[in-house]
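To keep things clear, I will list the structure first and then write my remarks on it.
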Amino acid sequence: MTDKDSGFEPDHNVSHFAVGKEPIITIEDLNKWFGDFHALKNINLQVAERERVVICGPSGSGKSTLIRCINHLDVFQKGRIVVDGNELTNVARNVDAIRAEVGMVFQQFNLFPHLTVLQNCMLAPMRVRGKSKAEASQTAMKFLERVRIPEQASKYPAELSGGQQQRVAIARALCMSPKIMLFDEPTSALDPEMVREVLDTMVALADEGMTMLCVTHEMGFARSVADRVIFMTAGEIVVDTPPLEFFDSPDNPRLREFLGQILHN
Amino acid sequence: MIQSFDYNAVLVILSGVKATLILSAIAFGMGGFFGLLVALARTSGIKLLERLSSAYIDFFQGTPMLLQLFLAYYGLPVLGFPVNPWTAVTIGLTLHASAYLGEIWRGGIQAVPRGQTEAAAALGLSYHHRMRDVVFPQAFRLSLAPTVGFSVQLIKGTSLAAIIGFVELSRSAQIIASTTYKPLLAYGVAGIFYFAICFPLSMYSMRLAKKYNREA
Ligand SMILES: Nc1ncnc2c1ncn2[C@@H]1O[C@H](COP(=O)(O)OP(=O)(O)OP(=O)(O)O)[C@@H](O)[C@H]1O
Ligand SMILES: [Mg+2]
């Protein structure tokens, strides 16, 4: 079922579904309201295994809400989400099971301040996967090395820079060996000089074949890493296309306006 | 017969200290247990539970503790549970403490940033583990000072139990006052005992509050 060994390389001219892959995320007719406010409107989206999708759009367009529906941090009222063959329901057990397979990185890092970096990374594998302390710690160190901060393992989050905290947050998510990673503006809260180190970590992750959904306005990242770029406005997906077309021949006027603003800043 | 205010009189008052401490400890322990349930219900996100626990808190915070003790003492027998003063006082104080502690801990739980629960949830941690491993340790620090502060209120509040005939520190001082005809001395000694218990706790609570305010 998986293509992990087939040497599959993303090709911008070919739809991934043509390769005969089952989508790992399927979203059908997703609708979400906050009270009277229609935050997501008829969202349809499929993401194939190992695909890298970047989502962008103006503030308030529903980007966060969309990816937060995938791991049920936001509940939706209408439609269907299937993650790796499991349909998302409101049953806590089902939700927790899906969350265990879907890692998430937040704009504000959200590390646990009362735990050390190492403990942050060990908590979920021990509690959710039932790993032993030794095993969990070994895995944690492996991923802390991967994000290049093993030497910070015994520090508390408050002692780290923003960029380091975000890399720990990525390592913490990876310790659960997720099948999918969701990123919600992972570099937006960072000082400019730290954006690079976090993006590098994400690029490395993409190179390893991780399925990724990233809300970001880092257009350089989108251009070089994404298989598809999605543009949302007012709760709708209005553009969903490979980065070349997205950036070089955007035919949607609102996208053109948006790109104009983004690239000027 | 008038007795002299001697060593024995002090011993009687001391036994009252013991009763007050035991009563406070039980009320705090059981009140803490039920208070945790109240706090969890209040933050559960389940409308019905939140309304019920909120009404419960409002009732106990909105009525005098003396009246709550009377209700326990006279009300429980009406409901078919004959109670002695011990039981009535224990139940009354437990309910009282659970409402107050529930409210204090609700505040602590809700003061933990939402991102913390969300990050824990996103990792697949169950509700149980989200609370135990992520929320409680952080809420604990925030709630510690007001919790200790409330324990002082509770210890002083146990004096009301004297009114329904429970012999604790105030009541034993009252007994000594009437047998020795030395009310000032009897209540003075009792006051010293209350102060010796409560003042260090108050100081501790203030120190904690300062410490955590500084860190926050
Ligand atoms: N809890 C909430 N209650 C009510 N409205 C909400 C809530 N969360 C989000 N919204 C609204 O839903 C819309 C979409 O929000 P969302 O956070 O998904 O936008 P976004 O595209 O991620 O924006 P940003 O770029 O600012 O992060 C916004 O108009 C927002 O005001
Ligand atoms: Mg957002």
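The values are calculated or read from the model by the stated rules, or taken from the named source; none is laboratory data. Computed from a predicted model, the values in this text were never measured in an experiment. Note: ideal-geometry Cβ built from the backbone for every residue, glycine included; neighbour counts use all protein chains shown. The accessibility values were calculated without ligands, DNA or RNA, using every heavy atom of the protein model including side chains. Shrake-Rupley method; radii C 1.70, N 1.55, O 1.52, S 1.80 Å.
Against the criterion of being within 16 Å of ligand 1 (Cβ to nearest atom) and either part of a loop (DSSP other than H, G, I, E, B) or open to solvent by less than 10 Å² (accessible area, probe 1.4 Å) (or both), A:Ile237 does not qualify.
Take the conditions (1) within 20 Å of B:Gly157 (Cβ to Cβ); (2) among the β-branched types (Val, Ile, Thr); (3) surrounded by 12 or more Cβ atoms within 10 Å (Cβ to Cβ); B:Thr180 misses just one of them, which is (1).
Residues that are more than 30 Å from A:Glu101 (Cα to Cα), within 14 Å of another protein chain (Cβ to nearest Cβ), in contact (Cβ under 8 Å) with a residue 24 or more places away in the chain and assigned to a helix (DSSP H, G or I) are absent from region B:162-182 altogether. Of all residues assigned to region A:55-69, none qualifies as being touching a residue at least 40 places away in the same chain (Cβ under 8 Å) and away from ligand 1 (no atom under 13 Å from the Cβ). Of A:Asn94, A:Asn110, A:Asn90, which residue is more than 12 Å from A:Leu73 (Cα to Cα), more than 10 Å from every other protein chain (Cβ to nearest Cβ), open to solvent by 20 Å² or more (accessible area, probe 1.4 Å) and out of contact with any Lys or Arg (no Cβ under 7 Å at 6 or more places or on another chain)? Just one listed residue meets the conditions, A:Asn94. Annotation note: of B:Gly102, B:Gly29, B:Gly115, the sole residue that is part of a helix (DSSP H, G or I) and touching a Lys or Arg at 6+ places or on another chain (Cβ under 7 Å) is B:Gly102.
Is at least one residue of region A:176-188 of a type in the set (Ser, Thr, Tyr) and within 16 Å of ligand 2 (Cβ to nearest atom)?
yes
Looking at B:Ala121, B:Ala111, just one residue is open to solvent by less than 10 Å² (accessible area, probe 1.4 Å), within 14 Å of another protein chain (Cβ to nearest Cβ) and closer than 30 Å to A:Phe112 by Cβ, and that residue is B:Ala121.
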